[in-house]
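Colleague: What follows is a single structure, and I will ask about it in a moment.
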Amino acid sequence: MESSNQFYATGKRKNSVAKVWLLPGTGKIIVNDRDLDDYFDIPVNRNVLTSPLILTDKSDAFDVKITVMGGGHTGQAGAIRQGVSKALVLSDPDLRGVLKSAGFLTRDARQKERKKYGKKGARASFQFSKR
C-alpha cells in the first residue's frame, strides 16, 4: 500500500508481526514510539533490521516508523527486516532482485514445535529408570 511517497508493508517471523512505514526523510528509525538504539539494545538485532537499507544504499533516503508485536527481540528484528524489504520493493521495484537474492523477502517459516503428550517437551523425554 502506498500513498504520496509513503510505503507500508508487513513482515513476519516466528510469532512476531511488524508493520513498517517508509517515509521520505533523513534515516531516522522509530520502533514502537522509541528510538532504535533504545528498543534494540543488542547490536546484532539492529544490524539485522537495518541490513536491507544498507544493502540498497537507502539508509539516508527514508525515515522508518515501525510497530512490532509478539515474540522476542530476535524474531521482531527478523520481522522488521522483511517488512522494510517489502516496503523498499514498493518504493522501487528495481530493488527486488537485490533483496530477493539476499533472502530478505522470504518468510522464515520455522516455528516452535509443539509439546507432545507423554513427553517433557517437543522431543525430550522424562528420565528413564530401569529400577
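Colleague: How would you rank 49-61, 79-91, highest first, on the average number of other Cβ atoms within 10 Å across their residues? Mind showing how you got there, number by number?
Modeller: On the way: 49-61: 17.5, 79-91: 24.8.
Most protected by this proxy first, the peptides run 79-91, 49-61.
Colleague: Could you work out [θ]222 nm for the chain from helices alone, using -39500 (n - 2.57) per DSSP H run of at least four and dividing by all its residues? Round to the nearest 500 deg cm²/dmol. Don't skip to the answer; put the middle values down first.
Modeller: On the way: 4 runs with 43 residues, N = 131.
Computed ellipticity for the chain at 222 nm equals -10000 deg cm²/dmol.
Colleague: Can you tell me the 0 to 90 degree angle between the C-alpha axis of helix 43-55 and the longest principal axis of the chain, rounded to 10?
Modeller: 40
Colleague: Can you tell me which of 18-29, 100-111 comes out highest on packing, and rank the rest after it, using the mean Cβ neighbours within 10 Å? Walk me through the numbers on the way to the answer.
Modeller: On the way: 18-29: 17.3, 100-111: 12.7.
Ranked by mean Cβ neighbours within 10 Å, highest first: 18-29, 100-111.
Colleague: Under 5 Å between amide hydrogens, which residues at least 5 positions from Gly25 or on another chain qualify, with H placed 1.01 Å from N in the peptide plane?
Modeller: Placed amide hydrogens put Phe62, Asp63 under 5 Å from Gly25.
Colleague: Report the residues of segment 3-33 in range of a label on Met69: point 7 Å along Cα→C-beta, backbone N strictly under 13 Å from it.
Modeller: Under 13 Å, as judged by backbone N against the label point of Met69, lie 16-19, 32 of segment 3-33.
Colleague: Taking the Cα atoms only, what angle lies between the long axis of helix 73-91 and the longest principal axis of the chain, rounded to 10 degrees?
Modeller: 30
Colleague: What whole number of Å gives the distance from the Cα centroid of segment 73-111 to the Cα centroid of segment 8-57?
Modeller: The distance from the Cα centre of segment 8-57 to that of segment 73-111 comes to 11 Å.
Colleague: Nearest-5 percent of antiparallel DSSP beta bridges in segment 7-102?
Modeller: Details: 17 of 20 bridges.
Given both bridge residues lie in segment 7-102, the antiparallel proportion sits at roughly 85 percent.
Colleague: ³J(HN,Hα) across segment 116-129 via Karplus (A = 6.51, B = -1.76, C = 1.60, θ = phi - 60°), whole Hz, x for Gly/Pro?
Modeller: Working through the residues one at a time gives 9, 5, x, 10, 6, x, 5, 10, 5, 9, 6, 5, 8, 10 Hz.
Colleague: With +1 assigned to the C-beta of every Lys and Arg and -1 to the C-beta of every Asp and Glu, and no other charges, what is the dipole magnitude of the chain about the Cα centre in debye, to the nearest 20? Mind showing how you got there, number by number?
Modeller: Details: 24 positive and 13 negative charges, 344 e Å.
It works out to roughly 1660 debye.
Values in this text are rule-based calculations from the coordinates and carry no lab data. Just so it is clear, the model here is predicted, and its values are computed rather than measured. Cβ sites come from the backbone with ideal geometry, for glycine too, and all protein chains shown count toward neighbours.
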